[in-house]
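The values are calculated or read from the model by the stated rules, or taken from the named source; none is laboratory data. Keep in mind the model is a prediction, meaning the values are calculated, not measured. Neighbour counts run over all protein chains shown; Cβ positions are idealised from the backbone, glycine included. Ligands, DNA and RNA are stripped out before the accessible areas are found, and what is left, the full protein with its side chains, is counted by its heavy atoms. Shrake-Rupley method; radii C 1.70, N 1.55, O 1.52, S 1.80 Å.
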Amino acid sequence: MSHFFAGRVLRISFAMIILLLLTQSIWRWWAFERNDFSSHLEGTWRVGEFQVLLSEHHFIVDHMPSNTRVFKNVRGERFINLDQREVSLTEHRGMIDIDVDRSWSLCEQHVTRVEADQDSFDLVGSIDCLGDVRPYRLSVKPGDQYVDFELVGSDADLLSLEIEMPPREFAVGFGAQFSRVNMRGLSVPIVVSEQGIGRGQQPLTAMVDAVAGAGGAWHSTYAPVPWFFTSSDRGFWLKTDRVSWFDFSVSDRVIVSVADHQLALRAYVATSPKDLISLYTQDTGRMSTPPDWLNDGIIVGVQGGSEVTQEKLAQLTGQTEVAAVWIQDWVGQRTTSFGKQLWWNWRLDQDHYSDYATWHSRLQDQGVRVLAYLNPSLVPDPD
């Protein structure tokens, strides 16, 4: 009997695999046949240092001096998505959950005309979603070792660009990330959040979520950045402060999405990761050089109020040099079901750090600097 059931399960599994492969093949055929990049508009255009190619099945942008392929769609598949989908953000103890359907709609992409000169290239067309036609304009504007892609769509609040990426091309970046270096195979949301306890590791994450809803995920971070560079000497910066995603879950592409009415993506070309980062920070700004006093001693992280902090610092006197003290509880503490947490009202708690000015001056006289903690979240003040 057990052999009978095992055989039946095996046959059903095999049938499901065949069905999945057939579905995928039909979808690729449908996408390939239905998208019209308008063969009557085929051609190549030189725009600054870049060459734009439009054919029946491809939209390609190359950087000619370095022979770097900056943008290419997956052959025959549309590379623009315009959606009307609500993005819902839910906050709990600083953790942000995003609820949105980002599935690639069953739509057709059409190109109706090209507007081009030596300084810009515009692709004008529409996305047809079963009769719901949404016009778009994709502008390509060159710069010095970069090119800007600006997508504007009518009646859409979730815009996406799809770019072909060979499976072995690494994707590195996205700000302060702690779980992965190469993000291929993953979907990376860009939203500021508490980092969580567990961060997807089980059963710890599930336990913390059950008690306090603060388990987090592998991508939870205080400092996400919509920027990455690849092992093929190109980098991409999504110029937005809105919630966005970089989806590498399909092996041969990245889908860049933003919850906005327009999408502005800058693509850089360089000969090394260092040069790519230099180009990017030239646009966004760079951190200043760390101060020399960082080498004068250790930075001590303490909490508990001015008296407790002073006692702990006194224990270090004569044992090691202290350059600074870092106090995260300068705003005071509150008791929740999760334990003691900080007041995120970002006002000095005069009870917790009584006579703060005198205490701070005393530390300054000792050559010890005071560092604090701040995040973008707010908690209602009971007063």
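Given the criteria modelled with pLDDT of 90 or more and among the small types (G, A, S), does A314 qualify? When the stated conditions are applied, A314 does not pass them. State yes or no: is V152 part of a strand (DSSP E or B) and of a type in the set (V, I, T)? So V152 fits the description; yes. Tallying residues that are in contact with a strand residue (DSSP E or B) (Cβ under 6 Å, 6 or more places away or on another chain) and more than 15 Å from F174 (Cα to Cα) within the range 253-266 yields 5. Against the list (1) out of contact with any strand residue (DSSP E or B) (no Cβ under 7 Å at 6 or more places or on another chain); (2) open to solvent by 60 Å² or more (accessible area, probe 1.4 Å); (3) more than 30 Å from T68 (Cα to Cα), the condition L294 fails is (1). Answer yes or no as to whether L186 is touching a Gly at 6+ places or on another chain (Cβ under 7 Å) and within 22 Å of H219 (Cβ to Cβ). Criteria not met by L186.
Taking G318 as the residue in question, decide whether it is open to solvent by 80 Å² or more (accessible area, probe 1.4 Å) and not aliphatic (A, V, I, L, M). Spelling it out, G318 is indeed open to solvent by 80 Å² or more (accessible area, probe 1.4 Å) and not aliphatic (A, V, I, L, M). Taken across the range 70-85, residues that are closer than 30 Å to N375 by Cα and open to solvent by less than 80 Å² (accessible area, probe 1.4 Å) do occur, with at least one present.
Of the strands (runs of 3 or more DSSP E) entirely within the range 298-348, those holding at least 1 residues that are touching a helix residue (DSSP H, G or I) at 6+ places or on another chain (Cβ under 8 Å) and of a type outside the set (S, T, N, Q) occupy 298-302, 322-327.
At least 3 residues being at pLDDT 85 or above, farther than 19 Å from R234 by Cβ and over 31 Å from the mean Cα position of the chain (by Cα) is the threshold, and among the strands (runs of 3 or more DSSP E) wholly inside the range 6-71 those reaching it are 43-47.
For the range 88-123, the candidate set comprises residues that are within 30 Å of S55 (Cβ to Cβ) and of a type in the set (V, I, T); within that set, the residue that is most open to solvent (accessible area, probe 1.4 Å) is T112.
Matching residues to (1) surrounded by 15 or more Cβ atoms within 10 Å (Cβ to Cβ); (2) modelled with pLDDT of 95 or more:
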site	(1), (2)
I127	yes, no
L130	no, no
V133	no, no
K141	yes, yes
Y146	yes, yes
L151	yes, yes
A156	yes, no
L159	yes, no
E162	yes, yes
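Can you say whether L279 is out of contact with any helix residue (DSSP H, G or I) (no Cβ under 9 Å at 6 or more places or on another chain), closer than 30 Å to D148 by Cβ and open to solvent by less than 80 Å² (accessible area, probe 1.4 Å), as far as the supplied structure shows? Criteria met by L279. Pairs meeting the criteria (first residue in the range 142-159 and among the β-branched types (V, I, T), second residue part of a loop (DSSP other than H, G, I, E, B) and open to solvent by 10 Å² or more (accessible area, probe 1.4 Å), beta carbons under 9 Å, at least 6 apart or on different chains) are V147/G48; V147/E49; V152/H261.
Condition check: of a type in the set (G, A, S) and either within 30 Å of R93 (Cβ to Cβ) or at pLDDT below 90 (or both). Does G305 satisfy that? Here the answer is yes, as G305 does meet what is asked.
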